[in-house]
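Some notes on the structure that comes next.
The values are calculated or read from the model by the stated rules, or taken from the named source; none is laboratory data. These numbers come from a predicted model, not from an experiment. Reconstructed Cβ throughout: ideal geometry from the backbone, glycine too, with neighbour counts over all protein chains shown. Just so you know, the surface numbers come from the protein's heavy atoms only, side chains and all, with ligands and any DNA or RNA stripped out. Shrake-Rupley method; radii C 1.70, N 1.55, O 1.52, S 1.80 Å.
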Amino acid sequence: MQAERFFAFNLTGEHKKEDMEFCCIICFPWEILTLKEHGRWKMDSIWSKTSKQKKRPSLEGDIQTDVAVIGGGITGILTAWHLEQAGIRTVILEADQIGGGQTKNTTAKITSQHGMFCNRFLEKKGEEKARNYVQANQEAVKEYKRIVREEGIDCDLTGCDSYVYSSDKEKLRKETEAARKLGINASFVEHIEIPVSCAGAVMFPHQAAFHPLKFLEALARNLTVYEDTLVTEVRGHQVKTSCGSVRADKIIFAAHFPFVNFPGMYFARMHQERSYVIALETEEKLKGMYIGEGKETLSFRQYDKYLLLGGQAHRTGENRTGGQYENLKKAAAEMYPQSQVTACWSAQDCITADGIPFIGRYSEERTDWYVATGFQKWGMSSAMVSAMLLRDMICGISNPYEDIFAPSRFSAEEIPQIMKGSGKAVKGLTKRFFHLPGGTADELLRGHGAVADTPQGKAGVYKTEEGKLCQVDIVCPHMGCELNWNPEELTWDCPCHGSRFDREGNLIDGPAQEGISHG
């Protein structure tokens with residue numbers, strides 16, 4: 001077994017190295033990261049630390065099937081499982097390992113309570129659409145429980161209540177009334193178990209939480225999954241990959257962010273956001289799961305002996321100063337002074353303008369293509385909604401929720417999103433030509449990254465603690481926007497559409513399908 005070298009990563013975004021041959025032992029508040037040979041920094045979530053995934057083979061040659069699912073996360077696995085249950089031959093094509101994308105970074109709340117949204121949906125969308133949205137997600141919660149029970153899956157599924165807390169009592173009362181009108185047995189409570197200042201919370205009963213990777217591994221056991229099989233192109237019914245091709249009657253894009261730009265134009269209809277989580281070992285044990293109302297808020301849930309504390313969201317590519325983990329750590333120290341941080345990680349979410357995912361036919365021009373994306377920060381319930389809805393559509397079964405999630409819908413709410421997104425894209429493109437570097441590579445401080453002047457021209461440069469320069473092209477291969485340095489995670493992020501790359505140019509998140517070249 002080849003040895004790996006370990007480095008310590010401070011929650012502020014700085015890091016340091018001990019002079020030992022292979023590794024160093026780090027204590028709180030430092031978090032251990034692994035730097036593998038290809039240079040990718042790795043921060044493991046609590047799910048990755050507490051489960052083991054079976055390795056599956058790559059595709060070899062050309063095959064044919066009824067349905068090809070692109071993406072082996074929770075959405076792809078659930079959809080394939082439901083299709084196989086319906087007697088439809090399905091294969092899953094995963095670029096890395098199942099659950100290796102956003103699924104491993106979720107907080108794994110299974111809930112129909114998607115923040116403080118019921119009253120807003122009622123006012124903007126009307127009762128029928130709002131009710132359909134809520135009920136689709138309520139059915140998703142029940143379906144998780146059914147599958148776990150009937151399949152005998154050991155994934156630490158726990159039934160619990162869900163809460164949204166706020167300092168605005170009137171808003172809480174209106175939200176409670178709206179939720180009840182939409183069919184949820186919600187209630188307003190004045191006192192909650194977490195140490196935050198608030199006027200109370202809206203409670204949804206009978207929700208759930210689980211271990212997503214344990215669930216995924218069990219569900220995928222009898223599915224046809226090809227790992228390390230990067231999809232490079234889709235034309236008609238043909239899916240080309242890095243190691244063969246698949247011809248399928250139906251094709252489902254379930255890889256977080258659709259990478260085919262036209263038709264669909266999902267790059268103009270969504271943006272991506274990052275959020276951060278730390279796992280605390282503490283004697284405090286929560287019975288419910290919580291999220292605050294508003295932007296500067298926190299998320300709480302219990303898993304085993306760990307309390308998961310999340311927040312600090314920002315648009316991908318717009319993290320200039322860092323400090324997200326440090327802020328969460330400070331909050332944890334104030335609320336749970338005896339706690340210790342045992343893991344920290346981050347997640348990426350696709351955000352639609354109207355707050356509803358795109359689930360259904362990819363476009364009117366591609367009736368045999370399907371898509372599931374734009375889950376906001378509620379990927380677990382949205383994944384199950386996607387699986388059940390896409391199964392019904394492919395099987396020709398009427399589904400009452402098809403219209404509310406239809407990607408072909410257009411809302412006036414999308415116009416500001418499209419205009420803002422277009423502005424970001426124009427800015428990102430023009431920065432390549434008019435943005436002046438912040439200095440030369442030699443002037444860059446150790447442990448920092450920036451756009452800098454090099455002998456080869458303008459480039460993205462990161463200087464390691466040893467003084468080595470990691471130089472990359474700063475042009476995103478997706479649509480040509482200029483990348484920004486993320487000091488918290490030592491990555492190059494695209495402010496236009498959310499693609500991300502590590503300091504050496506390896507692809508981390510799409511819609512880009514390839515890494516950035518070394519400068």
Problem set entry | Positions within segment 282-310 being under 18 Å from the mean Cα position of the chain (by Cα) and either open to solvent by less than 20 Å² (accessible area, probe 1.4 Å) or of a type in the set (Lys, Arg) (or both), in sequence order | Lys295, Ser299, Phe300, Arg301, Leu308, Leu309, Gly310
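Grab the strands (runs of 3 or more DSSP E) fully contained in segment 144-211, keeping just those with 3 or more residues being touching a strand residue (DSSP E or B) at 6+ places or on another chain (Cβ under 9 Å), in contact (Cβ under 8 Å) with a residue 40 or more places away in the chain and under 26 Å from Lys129 (Cα atoms).
Working: elements: 158-166, 187-189, 200-209.
Counting at least 3 such residues, we get 158-166, 200-209.
Among residues belonging to segment 229-251 that are of a type in the set (Ser, Thr, Tyr) and not in a strand (DSSP E or B), point out the one that is modelled with the lowest pLDDT. It would help to see each step written out before you state the result.
First, pick out the residues of segment 229-251 that are of a type in the set (Ser, Thr, Tyr): 229, 232, 241-242, 245.
From what is left, the residues that are not in a strand (DSSP E or B) are 229, 242.
Values: Thr229: 97, Ser242: 90.
The qualifying residue modelled with the lowest pLDDT is Ser242.
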For this session: Evaluate the following for Ser167: is it more than 24 Å from the chain's Cα centre (by Cα), among the hydroxyl-bearing types (Ser, Thr, Tyr) and open to solvent by 40 Å² or more (accessible area, probe 1.4 Å)?
Result: yes
Problem set entry | Residue that is surrounded by the fewest Cβ atoms within 10 Å (Cβ to Cβ), among those in segment 193-233 that are touching a Cys at 6+ places or on another chain (Cβ under 7 Å) and hydrophobic (A, V, I, L, M, F, W, C) | Ala218
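From the list Ala279, Ala313, which residue is open to solvent by 20 Å² or more (accessible area, probe 1.4 Å) and part of a strand (DSSP E or B)?
On the way: Ala279 fails: open to solvent by 20 Å² or more (accessible area, probe 1.4 Å).
After ruling out the rest, the residue left standing is Ala313.
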For this session: Examine segment 498-509 for a residue that is open to solvent by 40 Å² or more (accessible area, probe 1.4 Å), outside any loop (DSSP other than H, G, I, E, B), among the β-branched types (Val, Ile, Thr) and at pLDDT 90 or above, and state whether such a residue exists.
Result: yes
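Consider Met384 carefully, then state whether it is within 30 Å of Leu280 (Cβ to Cβ) and surrounded by 23 or more Cβ atoms within 10 Å (Cβ to Cβ). Spell out how you get there, then give the answer.
Working: within 30 Å of Leu280 (Cβ to Cβ): yes; surrounded by 23 or more Cβ atoms within 10 Å (Cβ to Cβ): yes.
When the stated conditions are applied, Met384 passes them.
Which is closer than 15 Å to Ala387 by Cβ, at pLDDT 95 or above and either touching a Ser or Thr at 6+ places or on another chain (Cβ under 9 Å) or open to solvent by less than 40 Å² (accessible area, probe 1.4 Å) (or both), of Val91, Val141? I'd like the intermediate steps shown before the answer.
Numbers: Val91 fails: closer than 15 Å to Ala387 by Cβ.
It is Val141.
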For this session: Return only the number of the condition from (1) surrounded by 19 or more Cβ atoms within 10 Å (Cβ to Cβ); (2) modelled with pLDDT of 95 or more; (3) under 24 Å from Arg500 (Cβ atoms) that Phe267 does not satisfy.
Result: (2)
Exercise. Which one of these does Ile351 not meet: (1) in contact with a Ser or Thr (Cβ under 7 Å, 6 or more places away or on another chain); (2) outside any helix (DSSP H, G or I); (3) among the hydrophobic types (A, V, I, L, M, F, W, C); (4) at pLDDT 95 or above?
Worked result: (1)
For this session: Would you be able to tell me the number of residues in segment 357-377 that are buried (at least 24 other Cβ atoms within 10 Å of the Cβ) and outside any strand (DSSP E or B)?
Result: 3
Exercise. Within the bounds of segment 280-300, is there any residue that is touching a Ser or Thr at 6+ places or on another chain (Cβ under 7 Å), among the basic types (Lys, Arg) and more than 23 Å from His448 (Cα to Cα)?
Worked result: no
